[in-house]
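Visitor: This is the structure I have questions about; it appears just below.
The values are calculated or read from the model by the stated rules, or taken from the named source; none is laboratory data. Keep in mind it's a predicted model, so treat the numbers as computed, not measured. Neighbour counts are summed over all protein chains in view; Cβ atoms, including those assigned to glycine, are modelled from backbone coordinates with ideal geometry. Side chains are part of the model used for accessible areas, which takes the heavy atoms of the whole protein and leaves out ligands, DNA and RNA. Shrake-Rupley method; radii C 1.70, N 1.55, O 1.52, S 1.80 Å.
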Amino acid sequence: QVQLVESGGGLVQPGGSLRVSCAASGSIFSIGGMGWHRQAPGKQRELVAVITHNGSPNYADSVKGRFTISRDNAKNTVYLQMNSLKPEDTAVYYCSADIMRVGTVTVNPYWGQGTQVTVSS
């Protein structure tokens, strides 16, 4: 079994900062790309940021210059540092990872359960 567990969400005022984390655990052989997605009420889930195994990031236009994605391969963990937060950043944030399990030769996407981020005064 493989699990992705997010942490670090919460309530923050506009202009504030927050960091969310996502740790993968279980029978993991290797992890490829990892990413963060978000879903606001009444909207479709959207990609926020992705990062390759070697650490190359890519961002949605709406968060460029404000959010930073990073990872610690030794800890199987991906982070999303969110600065200059806006009310429109309010959403449930989900992490994802492309994982090859021990004893297999296929890569499958796994998702976390989500963590709420609310930006409000």
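Visitor: Are any residues in the stretch 43-56 open to solvent by 70 Å² or more (accessible area, probe 1.4 Å) and closer than 21 Å to Ser30 by Cα, and if so, which ones?
Guide: In the first step, residues of the stretch 43-56 are kept if they are open to solvent by 70 Å² or more (accessible area, probe 1.4 Å); the result is 43-47, 53-54.
If the condition is that a residue be open to solvent by 70 Å² or more (accessible area, probe 1.4 Å) and closer than 21 Å to Ser30 by Cα, then His53, Asn54 are the ones that fit.
Visitor: I would also like to ask the following. Take Lys86 and decide whether it is out of contact with any helix residue (DSSP H, G or I) (no Cβ under 6 Å at 6 or more places or on another chain), basic (Lys, Arg) and either open to solvent by less than 60 Å² (accessible area, probe 1.4 Å) or within 13 Å of Arg38 (Cβ to Cβ) (or both). Explain how you work it out, then say what you get.
Guide: Details: out of contact with any helix residue (DSSP H, G or I) (no Cβ under 6 Å at 6 or more places or on another chain): yes; basic (Lys, Arg): yes; either open to solvent by less than 60 Å² (accessible area, probe 1.4 Å) or within 13 Å of Arg38 (Cβ to Cβ) (or both): yes.
Taking the combined requirement at face value, the residue satisfies it.
Visitor: Yes or no: the stretch 80-103 includes at least one residue that is touching a strand residue (DSSP E or B) at 6+ places or on another chain (Cβ under 9 Å), part of a loop (DSSP other than H, G, I, E, B), without any contact (Cβ under 8 Å) to a residue 60 or more places away in the chain and among the aliphatic types (A, V, I, L, M).
Guide: No, the conditions are met nowhere in the stretch 80-103.
Visitor: Another question about this same structure. Output the number of the condition that Glu6 fails; it satisfies all remaining conditions of (1) among the acidic types (Asp, Glu); (2) assigned to a strand (DSSP E or B); (3) within 18 Å of Asn83 (Cβ to Cβ).
Guide: (3)
Visitor: Between a first residue in the stretch 32-59 that is free of Cβ contacts under 8 Å to residues at least 24 places away in the same chain and within 26 Å of Val105 (Cβ to Cβ) and a second residue that is outside any loop (DSSP other than H, G, I, E, B) and not hydroxyl-bearing (Ser, Thr, Tyr), which pairs have beta carbons less than 6 Å apart while being 6 or more apart in sequence or on different chains?
Guide: Hits for this filter: Val50/Gly33; Val50/Gly35; Val50/Asn58; Thr52/Gly33; His53/Gly32.
Visitor: Given the conditions (1) assigned to a strand (DSSP E or B); (2) exposed (fewer than 14 other Cβ atoms within 10 Å of the Cβ), and given that Asp61 satisfies all but one, which numbered condition is not satisfied?
Guide: (1)
Visitor: Would you check which residues across the stretch 64-83 are open to solvent by 40 Å² or more (accessible area, probe 1.4 Å) and farther than 24 Å from Phe29 by Cβ and list them?
Guide: Lys64, Gly65, Thr68, Gln81, Asn83
Visitor: Are any residues in the stretch 97-114 open to solvent by 20 Å² or more (accessible area, probe 1.4 Å) and within 12 Å of Cys22 (Cα to Cα), and if so, which ones? It would help to see each step written out before you state the result.
Guide: Restricting attention to the stretch 97-114, the residues satisfying the condition of being open to solvent by 20 Å² or more (accessible area, probe 1.4 Å) are 98, 100-111, 113.
Selection gives Tyr110, Trp111, Gln113.
Visitor: Out of curiosity, is Val117 buried (at least 16 other Cβ atoms within 10 Å of the Cβ) and touching an Asp or Glu at 6+ places or on another chain (Cβ under 7 Å)?
Guide: Working: buried (at least 16 other Cβ atoms within 10 Å of the Cβ): yes; touching an Asp or Glu at 6+ places or on another chain (Cβ under 7 Å): yes.
When the stated conditions are applied, Val117 passes them.
Visitor: Turning to a different aspect of this structure: Being open to solvent by less than 50 Å² (accessible area, probe 1.4 Å) and either of a type in the set (Gly, Ala, Ser) or more than 13 Å from Asp98 (Cα to Cα) (or both) is the requirement here; does Leu18 meet it? Steps first, answer last, please.
Guide: Values: open to solvent by less than 50 Å² (accessible area, probe 1.4 Å): yes; either of a type in the set (Gly, Ala, Ser) or more than 13 Å from Asp98 (Cα to Cα) (or both): yes.
Criteria met by Leu18.
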